[in-house]
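No lab work stands behind these numbers, since they all come straight from the coordinates. Here the structure is a predicted model, which means the values were calculated and not measured. As a convention, Cβ positions derive from the backbone with ideal geometry for all residues, glycine included, and neighbour counts pool all protein chains shown.
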Amino acid sequence: MTTWAPGPKRDGRTLAIFVGWLCAVLILGAALTALHSVALPAPSLGPGRTGPWRALHVMADDCECSSSVAGQLAMRRALTGWQEDVVIIGKAPVADEALKSAGFAVRHLTAEQAEREGFQGAPWLVLRDPAGRVAYSGGYAAVRPTPGRKLEDGAIMAAVRSGRSVAPLPAFGCATSESLRQQLDPLHLKY
């Protein structure tokens with residue numbers, strides 16, 4: 001004859017451990033998600049070189065948002081009438097060949113060099129008029145750039161080229177400078 005025995009006794013400790021674990025997972029997930037929900041600080045940019053209309057696309061080699069923007073730039077190709085440069089913060093060749101083949105000039109900077117030029121995060125778009133003045137400095141879309149999400153860089157470039165002023169969009173992406181990484185992620189969960 002088989003006798004029935006109740007399962008392990010459940011007490012308040014088991015429930016407390018589960019609730020504690022659940023809270024830790026939710027807090028960690030929220031912290032990592034929030035890092036992409038905070039707009040990057042605007043760089044302080046001085047006057048640039050005179051010449052043609054210029055677009056500077058700042059990307060980071062370890063940033064999904066930058067990879068998404070770089071892929072879309074390579075598909076649309078450099079626009080006629082613009083000198084379009086891509087600066088990649090880091091050493092990894094983020095779509096270097098695809099961007100070069102699409103008519104973009106590509107160069108790499110360290111995070112320290114980029115910070116000296118005013119950039120603490122990526123992706124970032126800077127447009128300059130022929131006099132070297134900043135005509136636009138901001139993000140590519142009103143929300144975080146992800147694969148398949150349409151960027152507004154072409155419309156922004158057309159607007160500033162026609163003399164209209166464009167309010168800067170927030171730039172959502174990844175911190176590249178050590179100081180900004182420390183501010184956004186003091187527990188080093190991501191950086």
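Between ARG161 and TRP82, what length comes free when the chain is fully extended (0.36 nm per residue of separation minus the Cα-Cα distance, one decimal in nm)?
Values: separation 79, 0.36 × 79 = 28.44 nm, distance 0.97 nm.
Full extension from ARG161 to TRP82 adds 27.5 nm.
Determine, for each peptide in 165-175, 57-67, the mean count of other beta carbons within 10 angstrom over its residues, then list the peptides with the highest first. If you can, show how the numbers build up before the last one.
Values: 165-175: 18.4, 57-67: 22.9.
In decreasing order of mean packing, 165-175, 57-67 become 57-67, 165-175.
Quote the FRET efficiency, to the nearest 0.05, computed for ASP62 versus ALA42 with a Förster distance R0 of 25 Å and r equal to the Cβ-Cβ distance. List each step's numbers first, then the result.
On the way: r = 22 Å, r/R0 = 0.86.
Efficiency computed from Cβ-Cβ geometry: 0.70.
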TODO: Please give the FRET efficiency for ARG13 paired with LYS91, using the beta carbon to beta carbon distance and R0 = 41 Å, rounded to the nearest 0.05.
DONE: 0.25
